[in-house]
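This report concerns only the one structure given below.
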Amino acid sequence: MGNVIKLNGNVYSIRGKLGTGGFSEVYLVEGRLCPNAHLASDGTAYDEGNDTAYALKVMQCDDDEQLRRALMEVQLHRRLKHPNVLRLIESEIRMKMTRHHTAVQNALSKTKEVLLLFPVYPMGSLQHLLDKARHMPLFDESSCLHIFLGIARGVREIHALGLAHRDIKPGNVLLSDTYTPVVMDLGSSAPLYVPINSPRDAALVVEEAAQFSSAPYRAPELWDDSFRGTVCGKCDVWSLGCTLYALAYGPLGPFESRSHGVQRLAILNGTVTFPSSATSSGVSTRADDVGVTGKGFQRVQDGETKSHQTAKRLAYRGRDVLNHALAM
């Protein structure tokens, strides 16, 4: 890719790379939207005088499944208009053109590029901030709950469309300069309810989760090929609980360590160990009151989760706990 890239007739200068995914790369770009570009519904202003920084996600789709997921991500972003979900500014789908290929080779190529333009969040992801802080407390109790509540609200909006995110984690949550959390990376999304009635059903879900759901934040039923029942939005609730733990005691989640990696058995058993220094981090056991840490991590057994939480109920519960914390 050269130093500039065109998107729907707008020209953007590439200033650097922000990240790399499975079949995508995200660039920091600068440019100006033309007046007739598809602006966001929040009335984002068009600035004729200055270039603006954006995040440009470029997905190389070599097969039908990659293209299907990319198109699903575009459609999801277009449908979701919520302050806790990353806003899509504009997008384009086109054939990939390679310089060293002839015009005929390019015409015959099945590879498509899907480009998505997003706002830039200079603070980066929650995981980036947690890694920088290392073992020092990054957020106090009310900040943890405020951020957690925003993430839960974003997930609630995704669930309202009949989909589960399936990869909620600190690395997929951006933070604005006002500490508003923004859920991103919707390409991992799956139907909200997936019945598992056979070994084949279970194997397909486990295989898909291994590809699209980060192991330390992955719910037990997405590991267990003996599971029978319905995989549902509670997978995201589990991941939300892991994320709350990382916010309070990070930079790692409850089921990973630097020495032992991902602790699969602990995930399957719902075994959570809180750090001995937890009381000095400024976060009390009130985080457990939200219902997703400690007792809230419960193993999936007999075809259904013992935890009764949904993202909607979790958002309401988080709001109540936050209000109580602020009133003290």
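Checked against (1) farther than 16 Å from TYR217 by Cα; (2) outside any helix (DSSP H, G or I), GLY150 meets all criteria but (2).
Scanning the stretch 164-181 for residues that are under 18 Å from LYS81 (Cβ atoms) and either of a type in the set (Asp, Glu) or surrounded by fewer than 23 Cβ atoms within 10 Å (Cβ to Cβ) (or both) returns SER176, THR180.
Criterion first (in contact with a Lys or Arg (Cβ under 9 Å, 6 or more places away or on another chain), aliphatic (A, V, I, L, M) and crowded, with 19+ Cβ neighbours inside 10 Å) does LEU145 satisfy it? Here the answer is yes, as LEU145 does meet what is asked. For residues that are closer than 15 Å to LEU186 by Cβ and of a type in the set (A, V, I, L, M), tally how many sit in the stretch 13-30. The qualifying residues number 1.
Rundown of residues vs (1) on the phi > 0 side of the Ramachandran plot; (2) at pLDDT below 95; (3) in contact with a helix residue (DSSP H, G or I) (Cβ under 9 Å, 6 or more places away or on another chain); (4) not assigned by TED's automatic domain parsing to the domain that holds ALA219, yes/no style:
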residue: ALA133; (1), (2), (3), (4): no, yes, no, no
residue: SER142; (1), (2), (3), (4): no, yes, yes, no
residue: VAL155; (1), (2), (3), (4): no, no, yes, no
residue: ILE158; (1), (2), (3), (4): no, no, yes, no
residue: VAL194; (1), (2), (3), (4): no, no, yes, no
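Scan the stretch 117-124 and tell me whether some residue there is at pLDDT 95 or above and touching a Pro at 6+ places or on another chain (Cβ under 8 Å). No; the residues of the stretch 117-124 include none that is at pLDDT 95 or above and touching a Pro at 6+ places or on another chain (Cβ under 8 Å). Yes or no: ILE158 surrounded by 21 or more Cβ atoms within 10 Å (Cβ to Cβ), within 14 Å of the chain's Cα centre (by Cα) and assigned to a helix (DSSP H, G or I)? Yes; evaluated as a whole, the condition is true for this residue. Being outside the structural domain of TYR54 (by TED's automatic domain parsing) and within 16 Å of ARG69 (Cβ to Cβ) holds for only one residue in SER213, SER176, SER198, and it is SER213.
The values are calculated or read from the model by the stated rules, or taken from the named source; none is laboratory data. Here the structure is a predicted model, which is why all the values come from computation and not from measurement. Neighbour counts are summed over all protein chains in view; Cβ atoms, including those assigned to glycine, are modelled from backbone coordinates with ideal geometry.
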